[in-house]
Amino acid sequence: MRIWPPEESSDVLRGARSIPPHSDQSHSIRSCSVRDRPVRLLLINPRSPESFWSFQWAMDQVLVHERALNPPLGLATLAALCPEHWTVRIVDETIEELPARPEADLVGVCAMGVQHPRQRELLAYYRQQGYDTVAGGSFASLCPEQLDGLADTVVAGEAENIWPQFCEEYEAGRPRPLYIERGSVDLLDVPVPRFDLLRMDRYETASLQFSRGCPYRCDFCDIIVMFGRKPRTKTTEQVGRELDALRGRGVTNVFFVDDNLIGNKKLARELLRSLAAYQKDHGYPFEFGTEASLNLTQDRELLELFRDAGFAWVFLGIETPDVESLKAAGKVQNTKMDLLDAVRTLYAYGIDVYAGFIVGFDNDTPEAFDRQYRFIVDAGIQVAMVGLLTAMPRTPLYERIEREGRLRHDVMPGDNTRAQTNVLPAGMSYEAMIDGYKALYHRLFSDDGIARRIDNKMRHLRQPNSLGPRHPRRLRLRMLGRLLKNGILPGGPRRWGRFLATLRRSPRLWPLVMVDWARGLSMRHYADRYLSDAPPQTENRIARAVAALQHRFTGAFERGAVTADVDHGDATPNLVVTIAGRVDDRFFRDLRRRVRTMMRDPKVSVTLRLAYLEHRQQDTVTRILEQLSRYGERFSVRLDAAMRHRLPVNPARTRIILEPSTTSP
Ligand code: SF4
């Protein structure tokens, strides 16, 4: 169950200097002086590129307040491990703007694999501003060497032991450049996370962690590499204190981010009994969700405990209905039952099922895509994350694929929901796999694919424990209106028909039907943007804009002051306009107008690379960059540290890609 965004379990920071921030001088930790006032710490969760799990369309078009799915629990835990007299602030770039010049001595940036490129940009940015920096998170835990030289300190592993050690050394002015947790942490020492530092109202679901580690040995899984195969847990009292803190913040939906909540069944039963008692004592304030291995469905007592504790959904690592592929991947626990029956068993206990699937196993041939499609539709799983087999560093799969010469070193492992992977398949060509993968997504998230799954689920999920995330009635009606206006009606008569057909079940289930349409359409939007080749009209739109610029500013193009290239690295064509010499202000205004026209096509993205800029143009260009930042991820600016210093653009609004210095004046 490695699929749901893992929570950071490790992070560490390193020492401040007594010099004020804003000073642009290179610094080394060794010259830190003993502090004469409490440390001011800023912890940053970088934004992730839009991924399958962002549900971006639903966040923008259906939900009202929420901006993201889950808060950075790892940072809240780190904050709780700080000395009491430290001043700590957490900023999550997913939901809010980053401070360009924070009141802080230290800036800590954590990251999972998908966030690593942004982590690099932010570390470079805050170091350039004179802050001490430290990097941590699950990516640093797996490959600390990749962060060498990017931050003053890199920390790998779970933080509970090394963090207090760091705080002490930091205050003594002798922090170390690298911290690695080589042992395994006893979770009995984990304090209640600082939920008070998180804007809980901006997240759809709060996060808690009961255990780390998993007893199974799936060869593609990096969870057991990071946390081991002997599950460690908190006590039920610790979990009770964390629930009290969340209840105090008005939270109602809680996701246990454990990779396998039932890794230790005996302790999981104790937890579930205490959750059921907690719910009863406090009037059932929560709905829970988590990840669990499929053997849950073979254990009647556990199923009853999940129901009684108020679990609304469980994420299962089903991976594939192909038994040979499961055996080859070492996921033998999934071969001990009928997978369709397993899913329907959970429905029978009122528990919704989210699931992860993988294509690209050695046994997979092009027929694998149709097999996955039929299974996912028959099982009625709407939140079906299909990923390409990805070799994560330090996993047995990585070593085997490398040994067999099938590892692509030009693809960064981490986000297995983009149409690329670092594994060359054995049973088909790489191109056939990518085409099959894209086609599978489009089939699953067609109106017919969404509706058939809703139907197949509602046939078995008759008494759901939950009718979707809890919201006040007024808000639910507002979200229903937004779903109909932004999602159902624009789909035309075919979608209206499929939508109405999904309402033929009991009206009591309609709220869950709406939630599934919102999820399905959100994933459809993601697939349209990232898993389909750009239609010819998109390319033509970009070509027309470039031709118009070349026509109006022929001189600038001829002398090489401006170049325009289209990069097709990602599924969305990206126009890169480079300014390498003197151009006139009219050029920037004309560019702004053409970018606005191109951006009407959701598949277009634009990067402005500024290698040269006259000082007198700085204000004009800064204003234009801020105006174009409304396109979010689709508009970015590339520049070196010196140019960055000259353009006070807010990195929280405009995507800034720092690049190595060039000789700009
Ligand atoms: S069941 Fe397998 S994939 Fe899931 S956490 Fe355990 S080892 Fe990893």
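The values are calculated or read from the model by the stated rules, or taken from the named source; none is laboratory data. As the structure is a prediction and not an experimental result, all values here were calculated from the model. Here the Cβ positions follow ideal geometry from the backbone for every residue, glycine too, while neighbour counts run over all protein chains shown. Keep in mind that these areas ignore ligands, DNA and RNA; they rest on the heavy atoms of the full protein, side chains included. Shrake-Rupley method; radii C 1.70, N 1.55, O 1.52, S 1.80 Å.
Summary of computed values
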| item | result |
| --- | --- |
| Contact order normalised by residue count of the chain, Cα under 8 Å, 6+ apart, percent | 12 percent |
| Mean Cα-pair separation over length for the range 521-630, i.e. relative contact order, pairs under 8 Å, 6 or more apart, % | 27 percent |
| Nearest-20 debye value, the chain charge dipole, Cβ charges on Lys, Arg, Asp, Glu | 2220 debye |
| Rounded accessible area per residue of the chain, 1.4 Å, Å² | 38 Å² |
| Ordering of 317-329, 268-280, 538-550 by packing [mean C-beta count within 10 Å, highest first] | 317-329, 268-280, 538-550 |
| The range 503-538-the range 83-132 distance, computed between alpha-carbon centres (Å) | 34 Å |
| Sites T365 and H615, calculated FRET efficiency, Cβ-Cβ separation with R0 45 Å, nearest 0.05 | 0.15 |
| Surface accessible to a 1.4 Å probe, W510 within the full protein complex, Å² | 100 Å² |
| Cα coordinate range in the chain, projected on the principal axes (Å, largest first) | 72, 64, 57 |
| Accessible surface of the chain, 1.4 Å probe, proportion on carbon and sulfur as whole % | 50 percent |
| Amide H partners (placed H, <5 Å) of V190, local residues excluded | none |
| Net lengthening on full extension, D299/S506 (0.36 nm per residue, minus Cα-Cα) | 71.6 nm |
| Inter-centroid distance (Cα atoms) of the range 142-182 relative to the range 327-344, Å | 40 Å |
| Spatial separation of Cα centroids for the range 385-407 and the range 256-278, in angstrom | 31 Å |
| Kirkwood hydrodynamic radius (C-alpha pairs) into Stokes-Einstein, the range 98-189, 10 °C and 1.306 mPa s, D in µm²/s | 116 µm²/s |
| Probe 1.4 Å, all protein chains present, accessible-area order of H471, H282, largest first | H282, H471 |
| Long-range amide H partners of E319 with built H, under 5 Å | G356, F357, I358 |
| By average C-beta atoms within 10 angstrom, highest first, the peptides 105-112, 474-481 | 105-112, 474-481 |
| The range 29-186: relative contact order as a whole-number percent, Cα under 8 Å and 6+ apart | 27 percent |
| Note, ³J(HN,Hα) from phi for the range 352-368, Karplus 6.51, -1.76, 1.60, rounded to Hz, x at Gly and Pro | 6, 10, 9, 8, x, 10, 10, 10, x, 5, 4, 7, 6, 10, x, 6, 4 |
| Given K230/K327; K336/K457; K230/K336; K234/K336, the pairs whose alpha carbons are separated by over 27 Å | K234/K336 |
| Trypsin sites (Lys or Arg not before Pro) within the range 332-371: DSSP coil, no more than 14 neighbouring Cβ in 10 Å | none |
